[in-house]
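Note sheet for the following structure.
The values are calculated or read from the model by the stated rules, or taken from the named source; none is laboratory data. Please read these numbers as outputs of a predicted model, since none were measured by experiment. Side chains included, ligands, DNA and RNA excluded: accessible areas come from the protein's heavy atoms. Shrake-Rupley method; radii C 1.70, N 1.55, O 1.52, S 1.80 Å.
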Amino acid sequence: MKGRGAQLNPDNRFLAQRYTADDPDGVDPLHEPDPDPDTEFLADHARSAISKNNSVDISFEYSVNPYQGCEHGCVYCYARNSHEYRGFSAGLDFEQKILVKHDIVGLLEQEFRRKNYRVSPITLSGNTDCYQPVERKLRLTRGLLELMLRYGHPVSLITKNSLILRD
C-alpha cells in the first residue's frame, strides 16, 4: 500500500482472542489490508499529561505525547508495539488509528500548577511524533510549546516533520 510502512495488520499479542474467517482458499479476509485505508482519529481521555520513563536506554525521564499511533508509518518505529497496549495492532492500526489527547494542554497546565510539581525537562514525542499530519489542523503541539514558553519550562522535541518550522 502506497504511503504506509506496514502492509499487514497482525494480531495483537496481548489479546487472547483472535478473529479469523474460514475461507476455502485458505485466505483470511479479515487480515487482508484495505488498499485505500482512511485514518481514524479517536479521542483519548488521559488522566495525566506527563509520562515518566524508567528505562536506562532512553536519555529523558519525562515526556508528553499528544498523539499515540503515527500516520508517518515508519516501518522501523520503536513506538509501534506500544499501540498493542491499547488493544490495537502494531501494524496498520498504528498508522490508521491515531489516539488524540484533545485536552493535553489543559492537563499539562494543571500539572504545572500543582504545589509539589518539580520542574524537569520534558520531551515532546517520546513515543510517537508530535507533528502528525493532523497537527496542522489540531495545533496541540503548538499549544504545548506555547504553554512551555509561558512557564519558562525546559522542553526538547523529536520529529521528522517539517511542520516544526511553523512553531
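Straight-line cross-link reach from residue 160 at under 28 Å between alpha-carbon atoms covers these lysines, not counting any fewer than eight positions away in the same chain: 2, 52, 97, 101, 137. Relative intensity of segment 101-147 on a log10 scale, I(q)/I(0) at q = 0.14, 0.32 Å⁻¹, equals -0.37, -1.32, per a Debye sum over C-alpha point scatterers of equal strength in the absence of solvent.
Ranking 80, 114, 139, 47 from most to least accessible surface, computed with a 1.4 Å probe over the protein chains only, gives 47, 114, 139, 80.
Accessible surface comparison of 45, 153, 72, 102, probe 1.4 Å, protein chains only, largest first: the order is 45, 102, 72, 153. The orientation-averaged projection of the convex hull spanning the C-alpha atoms of segment 33-146 amounts to 7.8 square nanometres.
Remark: segment 105-151 carries 56 Å² of accessible area per residue (probe radius 1.4 Å; ligands, DNA and RNA excluded).
Accessible area of residue 75 (1.4 Å probe, protein heavy atoms only, ligands and nucleic acids ignored): about 100 Å². For residue 88, the accessible surface of its heavy atoms amounts to roughly 40 Å² (probe 1.4 Å, protein chains only, rounded to the nearest 10).
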